[in-house]
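Throughout, read-outs are computed from the coordinates displayed, never taken from laboratory work. Fair warning: this is a prediction, and the values are worked out from it, not measured in the lab. Note that each Cβ is placed from the backbone with ideal geometry, even for glycine, and that neighbours are counted across all protein chains shown.
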Amino acid sequence: AQSVTQPDIHITVSEGASLELRCNYSYGATPYLFWYVQSPGQGLQLLLKYFSGDTLVQGIKGFEAEFKRSQSSFNLRKPSVHWSDAAEYFCAVGAHGSSNTGKLIFGQGTTLQVKP
Amino acid sequence: DAGITQSPRHKVTETGTPVTLRCHQTENHRYMYWYRQDPGHGLRLIHYSYGVKDTDKGEVSDGYSVSRSKTEDFLLTLESATSSQTSVYFCATSDRANQETQYFGPGTRLLVL
């Protein structure tokens, strides 16, 4: 069965520091991978997604993620964090296949706190 | 962003009462989804729809039913609310299944007393 693990429940970084949020997935074939961000009291917004091709994916707000098949990982990175990046981040995996109906499996989420 | 609204945005109800949450979209997306969000669990799929009158169960469907009589509306019903259904409920839509971004509504916060 598909699953997604975000090992870090809560991360605190200083403003201007670099950030890496970890995501590990379990899936028997090549997955679709997503990162979403949720600001307090809001719905989820897509940051970036990977389907195929270049394993380094660029997203909005200066985020990027790298798909590493050998490690079953899709870690999210940002070189310099801004206070407005404080939010909850979710990694999600979807399945290839004609029978798929777009269902996503989400990780538990990582809450990012940014120190001034 | 896709035009997705959810109503109500907040609701307090008592155990044993039926509750219906509404998701409305203006994007003409074929696929619609209901998730619940709970601390430590991320988002879990309750039910989804792949067209008008076409729905199927997700991973946490017990105690919930859905209906979709029009493309733009997807209703989630708690037949007899329980305290374990206290949660934040999100609706999402997508234009296609595979490879497609899901767009999320603002959420409905439900408290079952």
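When only Cα pairs under 8 Å and 6 or more residues apart are kept, what is the percent relative contact order across chain B?
Once divided by the residue count of chain B, the mean separation gives 36 percent.
Compute the relative contact order of segment B:1-56 as a whole-number percentage, counting only Cα pairs closer than 8 Å that sit 6 or more residues apart in sequence.
26
Once you average over the residues of A:102-114, how many Cβ atoms of partner chains fall within 10 Å of each Cβ?
Across A:102-114, the average partner-chain Cβ count within 10 Å equals 5.
In whole angstrom, and with the biggest value first, how far do the Cα coordinates of chain A range along each principal axis?
Principal-axis extents of chain A (Cα, largest first): 47, 29, 23 Å.
Using +1 at the C-beta of Lys and Arg and -1 at the C-beta of Asp and Glu, which of A:Val13, A:Val37, A:Tyr50 has the Cα lying farthest in the positive direction of the dipole of segment A:1-96?
The listed residue farthest towards the positive side: A:Tyr50.
What number comes out for the charge environment of A:Thr110, summing +1 per Lys or Arg and -1 per Asp or Glu over other residues with Cβ under 11 Å away?
Once all neighbours under 11 Å are counted, the net charge is -2.
Using just the Cα positions, wrap chain B in a convex hull and report its mean projected area in square nanometres, one decimal place.
6.5
Taking the Cα-to-Cβ direction at B:Thr13 and at A:Ser72 and moving 7 Å from each Cα, how far apart do the two end points lie in nm?
About 3.8 nm, to one decimal.
Would you mind telling me which residue in B:Thr15, B:Thr77, B:Thr93 has the biggest mean-square fluctuation in a Gaussian network model of chain B, where springs connect alpha carbons within a distance under 10 angstrom?
Per the Cα network of chain B with a 10 Å cutoff, B:Thr15 tops the list.
Mind telling me which of A:Gly53, A:Gly16, A:Gly62 comes out most flexible in a GNM of chain A, alpha-carbon contacts under 10 Å?
Maximum among the listed residues: A:Gly53.
From the Cα trace of the protein assembly as shown, what convex hull volume per residue do you get, rounded to a whole Å³?
Convex hull volume per residue, Cα atoms: 119 Å³.
Hey, what D do you get for segment B:14-78 in µm²/s if you plug the Kirkwood alpha-carbon radius into Stokes-Einstein at 4 °C and 1.567 mPa s?
105
What is the spin-label model distance, in nm, from A:Ser14 to B:Thr82 if the labels are put 7 Å beyond Cα along the C-beta direction?
Taking the two extended label points, one gets 4.9 nm.
Just to confirm the filter: which trypsin sites (Lys or Arg not before Pro) across segment B:46-113 are DSSP coil and have at most 16 other Cβ within 10 angstrom of their Cβ?
Those satisfying the criteria are B:Lys53, B:Arg96.
Quickly work out the A:Thr111-to-B:Asp62 label distance, labels modelled 7 Å from Cα along the C-beta direction, and quote it in nm with one decimal.
Result: 2.8 nm between the two label points.
Note down the relative contact order for chain A as a percent, whole number, built from C-alpha pairs under 8 angstrom at least six residues apart.
Reported as a whole number, the value is 37 percent.
Most exposed first by the Cβ proxy, i.e. fewest other Cβ within 10 Å, how do B:Asp54, B:Asp95 rank?
Starting with the residue having the fewest Cβ neighbours, the order is B:Asp54, B:Asp95.
Is there a simple number for the mean count of other chain Cβ atoms within 10 Å of the Cβ of residues in A:85-91, and what is it?
That average works out to 1.
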